[in-house]
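Visitor: The following block contains the structure, expressed as structure tokens.
The values are calculated or read from the model by the stated rules, or taken from the named source; none is laboratory data. As the structure is a computational prediction, the values presented were derived from the model and not from experiment. Glycine gets a Cβ as well: all are built from the backbone with ideal geometry, and neighbour counts include every protein chain shown. What goes into the accessible areas is simple: the full protein's heavy atoms, side chains included, and nothing from ligands, DNA or RNA. Shrake-Rupley method; radii C 1.70, N 1.55, O 1.52, S 1.80 Å.
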Amino acid sequence: MALGATRRLSLLRRHRGFTLLFWATAGSAVGTYLAALALSVDILDRTGSGRWLAALLIADFLPIVVIGISLGPLVDRLSRRRLMVVSDLVRAGTFVALPFVGDPAAIVALAAVNGVATGFFRPAVWAGMPNLVAEDEREQATSLLTTIENIAWTLGPVLAGALLAASGPDIAYWANAATFALSALLVSRIPAASLRSEDPITRGHWADLRDGLEVVFRSRHLVTVLVVWSTAGVATALVNVGEVPFAKNEIGTGNLGLGFLVGATGVGLVVGSFFAAPALGAVGMTRVYGGALLLMSVGFGLVSVSQTIAVAAVLAGVATVGNGAAIVCNQVLVQRGAPDAMRGRALAVLMSSYYAVLGLSMAGAGILVDAAGARKAWGIAGAVYLFAAVLAFVLTSRTRDAARAEPARDGEPAGFERLRELMSEVEETRRREQQRAVPDAALTRDAEGRSAP
């Protein structure tokens, strides 16, 4: 295990482009999670309204849904490096502006702009990352990048809390702007060609969008992520909405106990994501993905009957070990199921689908928590995670069986079939253009010959 961890960390020494993306993602992620808490506290302090807080949360994730539905192909068509740099600069600009804004509507509007930029940044990162390392190192790199995101998820709110306690939201906003500016600087030093291994294939925006949807639905790997993680999203909404009332109302702990619970989940995410890659190498995708969701089911199910915050925090930390591992499995499945030329739009579709399910489920979770209490909500979440685990076991087994049934294509997923079709169409178009160009050139030479003295 120690040897695997050492090998994983050596990626930062051996691949300069990946190292730059790693630290850029670290800075960007810290800023993202720091921003989430700072904005929520600011809007609540200014308005005292749950409706404004809900509007802020919607402004944060709704752009991701819209981008995946309508603009996902841009992640593949445009320079991924430029897209990331522009996204970071836009996010830095929004947080530079926020200290000078007092109107709640303007704060929500700037949060929406920030959400749009994040909606482009994350698919571009995960679409380009596999091209920065060797193919046999992708799982290790995915694990490492997910781990640093989860560390940021743990540290960001802590830093935000300290800054908010010390001087209010303005310093937190300036700190956010600095992290995004640093991320833009680091990404700008990655060669643009390194983030893309193939030339963009485009047949027009709407055709590209349709192709992205087809890649998702025709690849067993991507359908697995779509079905399993969307199902898990229902449970995640129940957990997220029920977290604060569970700690404060059901167990009766204060803010310190709530912080302990949240911190334990952050530690679990880091551990799960870091050790997911060696687990995949040892026991395979089916056992790791299904087992990770099963661990989430058992963990959160036991949390729902816990009587003390200490026991609940430990069990929640164990459950989120599964969460961290499952997130790595999702990214690895996308890498296996989507060709580079379509990876960005596939990620955008999957992310938008997940956030759409999450948002709708949060609305329902709020009603359930008010009516039945947070304990029952978390118990139901455990049952939903169990259903997602069964789906993961079944669908990943079918993916493996399908790969064995097509040895002539070395287990290529259906997404590659669509890529081959598109490449054939492009080649056919080029061939026709060349055929038209030959007579044109001959006529030109003939005309030149006749006009010569």
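Visitor: Please provide three numbers in whole Å: the alpha-carbon extents of the stretch 221-271 along the principal axes, with the largest listed first.
Guide: Principal-axis extents of the stretch 221-271 (Cα, largest first): 43, 23, 10 Å.
Visitor: So, one more: Give me the net charge for the shell around SER167: Cβ to Cβ below 14 angstrom, other residues only, Lys and Arg +1, Asp and Glu -1.
Guide: Local net charge: -3.
Visitor: What percent do you get for the relative contact order of the stretch 302-384 when only Cα pairs under 8 Å and 6+ apart count?
Guide: Averaging sequence separation for qualifying contacts and normalising by length gives 37 percent for the stretch 302-384.
Visitor: In whole percent, and with a 1.4 Å probe on the protein chains, what portion of the accessible area of the stretch 313-405 is carbon and sulfur?
Guide: It is 70 percent, rounded to a whole number.
Visitor: In square angstrom, what is the accessible area per residue of the stretch 243-352 with a 1.4 angstrom probe?
Guide: Dividing the accessible area of the stretch 243-352 by its residue count gives 32 Å².
Visitor: Please give the charge dipole size of the stretch 242-383, origin at the Cα centre, charges +1 on K and R Cβ atoms and -1 on D and E Cβ atoms. Round to the nearest 20 debye.
Guide: Charge dipole of the stretch 242-383: 240 debye, to the nearest 20.
Visitor: Right, next: With θ set to phi - 60° and the Karplus curve 6.51 cos²θ - 1.76 cosθ + 1.60, what are the ³J(HN,Hα) couplings of the stretch 165-177 in order, to the nearest whole Hz, using x for Gly and Pro?
Guide: 5, 7, 8, x, x, 4, 5, 4, 5, 4, 5, 4, 4
Visitor: Which order do peptides 167-178, 269-280 fall in by mean Cβ count within 10 Å, highest first?
Guide: With the highest mean Cβ count within 10 Å placed first, the list reads 269-280, 167-178.
Visitor: Can you run phi through the Karplus equation (6.51, -1.76, 1.60; θ = phi - 60°) for the stretch 138-148 and list ³J(HN,Hα) in whole Hz, with x for Gly and Pro?
Guide: 5, 5, 5, 5, 4, 4, 5, 5, 5, 4, 5
Visitor: Over the stretch 274-328, what is the relative contact order in whole percent, taking alpha-carbon pairs under 8 Å and six or more residues apart?
Guide: RCO, the stretch 274-328: 47 percent.
Visitor: Heavy-atom accessible area per residue, the stretch 102-155, 1.4 Å probe: how many Å²?
Guide: That works out to 28 Å² per residue.
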